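Reading through the structure tokens given below for one structure.
The values are calculated or read from the model by the stated rules, or taken from the named source; none is laboratory data. All of these numbers come straight from a predicted model, not from anything done at the bench. Glycine also receives a Cβ, built like all others from the backbone with ideal geometry; neighbour counts cover every protein chain displayed. These accessible areas exclude ligands, DNA and RNA; they are computed on the full protein's heavy atoms, side chains included. Shrake-Rupley method; radii C 1.70, N 1.55, O 1.52, S 1.80 Å.
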Amino acid sequence: MDVINIIIPIILASIFVYGLIKKVNVFDAFIEGAKEGIAVAINITPVVIGLVTAISMFKASGGLDVIAVLLSPAAQLLNFPREVLPLAVMRPVSGSGALTLLNNLLKSYGPDSFSGRVASVLAASSETTLYTMGVYMGSAGVKKTGATLPASLFAEVCAVIMSVLSVRLLLK
């Protein structure tokens, strides 16, 4: 028997035994946690629906292509592959959209091409910043994001730059 197949049962049994030792009603604690989870899901649903709608409209309107064209001169300065620009733009907005773009890019150029490697490093080293901010800050009721958005977008720009540099220096 593989260890992988028994990890979850071991974790669940450990939680149950720990609850017994601490004299906690495990079932009541589970029910309370489930209630809180449902409340959080209900609170973030409007944010998620709004983000999914906005992302779909952004892609369908051609906004992604316009931004990629506008960023092309900067990409040339960094020797950033032009075909990876849509992924760099989409990644902070939508994880599933970025994965679709990554999949199409890898099919077109191959995973071992320079573009494929840069896209893979970028996808692995960046975050869906806007989605994450929307969901977490929306669920916490935060209205003023302050420096969170500029700092997060700066981190995304660093991921773009470092993906090219790391592939050039380490994966050639």
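Could you tell me which residue of the range 16-28 is nearest to residue 136 (Cα to Cα), considering only residues that are hydrophobic (A, V, I, L, M, F, W, C) and touching a helix residue (DSSP H, G or I) at 6+ places or on another chain (Cβ under 7 Å)?
Only one residue fits best here, namely 26.
Suppose we filter 140, 98 for residues that are touching a Lys or Arg at 6+ places or on another chain (Cβ under 6 Å), within 24 Å of residue 46 (Cα to Cα) and of a type outside the set (S, T, N, Q); which single one remains?
Testing whether each residue is touching a Lys or Arg at 6+ places or on another chain (Cβ under 6 Å), within 24 Å of residue 46 (Cα to Cα) and of a type outside the set (S, T, N, Q) leaves just 98.
Return the total of residues in the range 21-48 being part of a helix (DSSP H, G or I) and open to solvent by less than 100 Å² (accessible area, probe 1.4 Å).
17
For the condition in contact (Cβ under 8 Å) with a residue 24 or more places away in the chain, open to solvent by 70 Å² or more (accessible area, probe 1.4 Å) and either out of contact with any Pro (no Cβ under 9 Å at 6 or more places or on another chain) or not small (Gly, Ala, Ser) (or both), what is the one hit in 78, 51?
Just a single option satisfies the conditions, and that option is 78.
Quick check on residue 94: is it at pLDDT below 90 and either within 27 Å of residue 48 (Cβ to Cβ) or open to solvent by 30 Å² or more (accessible area, probe 1.4 Å) (or both)?
Yes.
How many residues, within the range 111-147, are under 13 Å from the mean Cα position of the chain (by Cα), within 16 Å of residue 164 (Cβ to Cβ) and open to solvent by 40 Å² or more (accessible area, probe 1.4 Å)?
Looking only at that region, the number is 2.
Give me a count of the residues in the range 54-68 that are at negative phi and free of Cβ contacts under 8 Å to residues at least 12 places away in the same chain.
Let us first name the residues in the range 54-68 that are at negative phi, namely 54-61, 63-68.
From what's left, free of Cβ contacts under 8 Å to residues at least 12 places away in the same chain: 54, 56-57, 60-61, 63, 66.
The total comes to 7.
So in the range 54-75, with the set limited to residues that are of a type in the set (S, T, N, Q) and farther than 30 Å from residue 165 by Cβ, which one is least open to solvent (accessible area, probe 1.4 Å)?
Here is the first cut: in the range 54-75, the ones of a type in the set (S, T, N, Q) are 56, 61, 72.
From what's left, farther than 30 Å from residue 165 by Cβ: 56, 61.
Numbers: 56: 62, 61: 90 Å².
Among them, the one singled out is 56.
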